[in-house]
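The values are calculated or read from the model by the stated rules, or taken from the named source; none is laboratory data. Note that this is a predicted model, so its numbers are computed, not measured. Here Cβ is always computed from backbone atoms with ideal geometry, including for glycine, and neighbour counts include all displayed protein chains. Surface areas here come from the heavy atoms of the whole protein model, side chains and all, with no ligands, DNA or RNA. Shrake-Rupley method; radii C 1.70, N 1.55, O 1.52, S 1.80 Å.
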Number of protein chains: 2
Amino acid sequence: MQNLLREYKADIFQSLAHPTRIAILEALRDGEMAAGAIQEQLGIEQANLSQHLAILRSRQIVAHRKEGNQVFYSLRNPVLVEVLDIMRRYFQAHLSEARQMLGEIAAEARTR
Amino acid sequence: MQNLLREYKADIFQSLAHPTRIAILEALRDGEMAAGAIQEQLGIEQANLSQHLAILRSRQIVAHRKEGNQVFYSLRNPVLVEVLDIMRRYFQAHLSEARQMLGEIAAEARTR
DNA sequence: TTAGTATATTCGATCTATCGAATATACGCA
DNA sequence: TGCGTATATTCGATAGATCGAATATACTAA
């Protein structure tokens, strides 16, 4: 059981482990949005957004409701926003390390 | 910058997105431990543990110090424990969904 | 120096994630 | 019915993560 609980947690973390999905959660923190509006705000491909939304749906992180032609998404539990806020504090507490890590991320991005 | 911050957060979440690494953090929450002791507690391969520790080290999530033959690991910032605790509350809040999800995880595990 | 113990790294195989392009579905309106 | 718009799914290519086996490194003690 302990192991299954860890798999569950790992699964939730996995679903947060992508910049686009974090951006989606941040977009939803102030209320529900239609998929199209999210897409516009993030400036990504329609299919790509839909894939990320499918991941968040499958992990029960977002709720969705259809209204006519559109699908509105919302956060199921604001505690995840709380986690993101904690991460910001964490980031600030480790700013010099974070800066170094960001440098590495940026360097990798440039190399590719 | 906003994007880099999201990459940083995603990177941290990625490093938490594995049951073994969650188990490591839980083991360390009460204080530092030698790698060997962690290995014994988790019951996994030595190389495998070392690989997971390398990931946690590279993301600055754990600190390590050598003492003679051994390497002692500890959490760099208790805020991550806080995050794990929040996840436990999250888990409880979504217990029925979680149960379903665990069922799916277990089913997949059985199929493979 | 040699042997033994603790930990880290490298390698290759396998599995999982991500992307854009193409296509499918579902709805509203003429 | 047929067309346009919004969203979802499938596909194939590429990149990244994970594992155990083998090997390397670092330290201790004889």
Looking at B:Glu40, B:Glu67 in this structure, which one is within 10 Å of DNA strand D (Cβ to nearest atom) and assigned by TED's automatic domain parsing to the domain that holds B:Tyr8? B:Glu67
Return the pairs, sorted by first residue and then second, in which the second residue is open to solvent by 20 Å² or more (accessible area, probe 1.4 Å) and away from DNA strand D (no atom under 11 Å from the Cβ), the first residue lies in region B:50-62 and is hydrophobic (A, V, I, L, M, F, W, C), the beta carbons are less than 9 Å apart, and the residues are 6+ apart or on different chains. B:Leu53/B:Ala35; B:Leu53/B:His64; B:Ile61/B:Leu75; B:Ile61/B:Arg76; B:Ile61/B:Asn77; B:Val62/B:Ser74; B:Val62/B:Leu75; B:Val62/B:Arg76
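Does B:Glu82 satisfy being more than 12 Å from chain A (Cβ to nearest Cβ) and free of Cβ contacts under 8 Å to residues at least 40 places away in the same chain?
Against the criterion (more than 12 Å from chain A (Cβ to nearest Cβ) and free of Cβ contacts under 8 Å to residues at least 40 places away in the same chain), B:Glu82 does not qualify.
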I need the full set of residues from region B:1-49 which are assigned to a helix (DSSP H, G or I), at pLDDT 95 or above and β-branched (Val, Ile, Thr), in order please. B:Thr20, B:Ile22, B:Ile24, B:Ile38
Restricting region B:19-47 to residues that are within 14 Å of another protein chain (Cβ to nearest Cβ) and among the small types (Gly, Ala, Ser), which is most open to solvent (accessible area, probe 1.4 Å)? B:Gly43
Looking at this structure, is A:Glu82 modelled with pLDDT under 95, assigned to a helix (DSSP H, G or I) and among the acidic types (Asp, Glu)? yes
Filter result for the condition that a residue is within 9 Å of DNA strand C (Cβ to nearest atom) and touching a strand residue (DSSP E or B) at 6+ places or on another chain (Cβ under 8 Å), over B:Ala34, B:Ala10: B:Ala34
Give region A:50-67 a look and list any residue that's in a strand (DSSP E or B) and more than 21 Å from A:Tyr8 (Cβ to Cβ), or say none. A:His64, A:Arg65, A:Lys66, A:Glu67
Being near DNA strand D (Cβ under 10 Å from one of its atoms) and surrounded by 12 or more Cβ atoms within 10 Å (Cβ to Cβ) is true for just one of A:Ser50, A:Ser74, A:Ser15. Which residue is that? A:Ser50
